[in-house]
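In what follows, a single structure is set out as structure tokens and then discussed.
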Amino acid sequence: MPRIHPTAVVEAKAEIADDVEIGAMAYVGPDVKIGPGCKLLPQCHVTGYTTLGANNTVYPFASLGTPAEDFGFEGGKTYLRIGNGNIFREGVTVNTGTKPDTETVIGNSCFLMANVHVAHNCILGNNVILVVGAGLSGYVTIFDRAFVSGLTGIHQFCRVGRLAMLSGGSVFSKDIPPFMTAEGRNGGVKMVNLVGLKRAGISDEAIRALRDVHRIFFRLGLNTTNAIAQIKAEVPLLPEVKEFLDFCESSERGVLQNRIAGKRS
């Protein structure tokens with residue numbers, strides 16, 4: 001049987017796995033489904049059409065599954081789908097989708113530190129880290145193993161590529177390509193995320209190729225079309241290079257670039 005503190009409120013229709021722990025004064029709504037091994041610490045709030053997989057931990061004052069913070073939200077069934085092994089620290093807020101039958105999705109093994117906000121219809125991959133006070137607007141997509149530093153804000157509909165790193169206190173309204181480090185108020189992509197790539201086991205050959213990609217795309221003052229063409233002509237098309245190019249070619253908001261010689265490349 002689940003271990004539920006006497007002061008917790010768990011609605012009768014909620015589906016709770018047998019080994020779930022729910023702490024004092026926590027709330028679990030009637031349409032919530034909680035998988036095995038989850039721990040809801042005291043005074044957290046899980047509501048809406050929210051599904052948690054296995055082994056998630058929700059800390060005090062975190063709020064999961066509340067409606068979208070969107071003037072366009074008109075009710076209806078909207079969802080929050082959470083995978084396995086995630087950590088939601090104190091004060092984290094994650095909303096459901098904003099249109100009927102849409103969802104916000106969080107993958108596996110993500111770490112959302114204190115006071116992080118994930119808005120409606122965001123998609124987080126696996127092993128994503130959001131540091132204290134980071135905020136994602138609606139429809140943001142964060143790819144696997146991206147690292148968003150503290151107090152960073154991301155505009156709606158933006159994407160952050162795999163193994164990208166965003167510096168603290170930054171604000172972005174453009175897509176951040178995979179494997180790169182970006183900072184500032186759309187200040188630019190500054191370098192390859194060498195530490196993250198090495199920790200992820202990316203080969204030395206791929207890292208050298210990505211350094212060439214960075215030089216061509218962000219340092220030569222080329223527009224996106226010409227930079228992509230030059231990369232295809234000069235850089236070995238390793239899987240990581242192809243991933244970078246596919247990301248840039250599929251961008252709808254445009255890819256963040258650098259200011260060079262007083263102009264945007």
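Each reported figure results from applying straightforward, stated rules to the coordinates on display, with no laboratory input. Since the model is a prediction, treat every value here as computed from it, not as a measurement. For neighbour counting, all protein chains shown are included, and Cβ atoms are generated from backbone atoms with ideal geometry for every residue, glycine included.
Within the listed set 241, 148, 118, the residue fluctuating most in the Gaussian network model of the chain (springs between alpha-carbon atoms under 10 angstrom) is 241. For the range 1-96, trypsin sites (Lys or Arg not before Pro) are listed when DSSP marks them as loop and at most 13 other Cβ atoms sit within 10 Å of their Cβ; the list is 13, 77. The GNM of the chain, with springs linking C-alpha atoms under 10 angstrom apart, assigns the highest mean-square fluctuation among 98, 47, 224 to 224.
Label separation (residue 3 vs residue 224): 5.1 nm, computed from points 7 Å beyond Cα along the C-beta direction.
The HN-Hα couplings worked out from phi for the range 88-104 by the Karplus form 6.51 cos²θ - 1.76 cosθ + 1.60 (θ = phi - 60°) are 10, 7, 4, x, 5, 10, 9, 9, 7, x, 9, 9, x, 6, 9, 9, 9 Hz, whole numbers, x standing for Gly and Pro. Quick check: from the Cα gyration tensor, does the range 184-248 come out rounded (a/c under 1.5), prolate or oblate? Note, shape of the range 184-248 comes out oblate. Going from the residue with the fewest nearby Cβ atoms within 10 Å to the one with the most, 1, 25 rank 1, 25.
Ordering 149, 173 from the fewest to the most neighbouring beta carbons within 10 Å gives 173, 149.
With respect to the chain, whose longest principal axis is taken over its alpha-carbon atoms, helix 239-249 is tilted by about 90°. For residue 78, what charge total do you get from the other residues with a beta carbon under 14 Å from its beta carbon, if Lys and Arg give +1 and Asp and Glu give -1? Summing Lys and Arg as +1 and Asp and Glu as -1 gives -3.
Relative contact order of the range 1-144: what whole-number percent is it, with Cα pairs under 8 angstrom and at least 6 residues apart? The normalised contact order for the range 1-144 reaches 15 percent.
The charge dipole of the chain, taken about its Cα centre with unit charges on the Cβ atoms of Lys, Arg (+1), Asp and Glu (-1) only, comes to about 1000 debye. A straight Cα-to-Cα reach below 28 Å connects residue 242 with the lysines 174, 190, 198, 232, 263, residues fewer than 8 places away in its own chain not being considered.
Counting only alpha carbon atoms, the long axis of helix 204-219 and the longest principal axis of the chain meet at about 70°. Checking [x] 39, 18, 15; [y] 28, 22, 18; [z] 32, 21, 19 against the coordinates, the calculated semi-axes √(5λ) of the Cα gyration tensor in Å falls under label [x].
Relative contact order of the chain: 9 percent, from C-alpha pairs under 8 Å at least 6 residues apart in sequence. Relative to its Kirkwood radius, the Cα radius of gyration of the range 3-142 gives an Rg/Rh of 0.94.
Taken over the range 6-105, lysine pairs spaced eight or more positions apart, or on distinct chains, with alpha carbons under 19 Å apart number 5.
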